[in-house]
Amino acid sequence: MRSRAREIAAWIVGALVALAVLAWLYDRAAAMPEPLQVDELSRVVRQLASDAREAERLATALTRSQLTRNFAEHQHRQLEEDVSEARGKLAAPGPGGDEALVEQARGLADRLRANLAAARLHASDHAAIARIGAEQASIAAALERMPITPL
């Protein structure tokens, strides 16, 4: 009889521990993400600007027939992955509650990602690639002008 009571008590304790762990995990998952630190935001913006400049150079080389279409498509896919990764980091709140800079960076990252996809679709249209390259230069310049300073 006592072993049965101990078994039931062990099951109850195990269930309570499992519930406590689940509650802790839920609390962690539901918590607001940590805000971006200024240096991390600066690094992400610099990376996006670098990706935009690289895409601009690819567009220029494509319009001059200096690259094969396959190479350019491969490079654009890699840049899209980089931009998507950087965009994921921008999902966190802005440093010090300043959402304006992060929102601006998100918008520019989204424009760059769409622009890279368009470049892959129009890789053989030199006029379209020239327009896309100009847009990539504009995105890079906007990223480079972002006023991100330490708090």
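Enumerate the helices in the chain for which the Kyte-Doolittle hydropathy averages 0.5 or more and the C-alpha atoms extend at least 18 Å along the helix's axis, using complete DSSP H runs. Please list the in-between numbers first.
Numbers: long enough: 2-30 (42 Å, 0.82); 38-63 (37 Å, -0.20); 69-89 (30 Å, -1.84); 99-121 (33 Å, 0.00); 126-144 (27 Å, 0.65).
Length and hydropathy pass: 2-30, 126-144.
Given an 8 Å cut-off on Cα distances and at least 6 residues of separation, report the relative contact order of the chain as a percent.
Details: 141 pairs, mean separation 52.7, N = 151.
It rounds to 35 percent for the chain.
Just report the Cα centroid separation between region 117-134 and region 48-92, whole Å.
Taking the Cα centre of each part, region 117-134 and region 48-92 sit 12 Å apart.
Can you compute the radius of gyration and Dmax for region 1-150, using only the Cα atoms, both in Å?
Every Cα atom of region 1-150 included, Rg and Dmax give 24.2, 88 Å.
Tell me the carbon and sulfur percent of the accessible area for the chain, rounded to whole percent, probe radius 1.4 Å.
Working: 5450 of 9480 Å².
Roughly 57 percent, rounded to a whole number.
With every protein chain kept in place and ligands, DNA and RNA left out, what is the accessible area per residue of the chain? Probe 1.4 Å, answer in Å². Display every interim value, and only then the final one.
On the way: 9480 Å² over 151 residues.
On a per-residue basis, 63 Å².
Using a/c under 1.5 as the rounded threshold, could you call region 20-92 rounded, prolate or oblate? The axes a ≥ b ≥ c are square roots of the C-alpha gyration tensor eigenvalues, and prolate needs a/b larger than b/c, oblate otherwise.
Values: a/c = 6.94, a/b = 2.55, b/c = 2.72.
Judged from the Cα gyration tensor, region 20-92 comes out oblate (a/c at least 1.5, b/c at or above a/b).
The values are calculated or read from the model by the stated rules, or taken from the named source; none is laboratory data. Only a predicted model underlies this, so the values are computations on that prediction, with no experimental measurement involved. Keep in mind that these areas ignore ligands, DNA and RNA; they rest on the heavy atoms of the full protein, side chains included. Shrake-Rupley method; radii C 1.70, N 1.55, O 1.52, S 1.80 Å.
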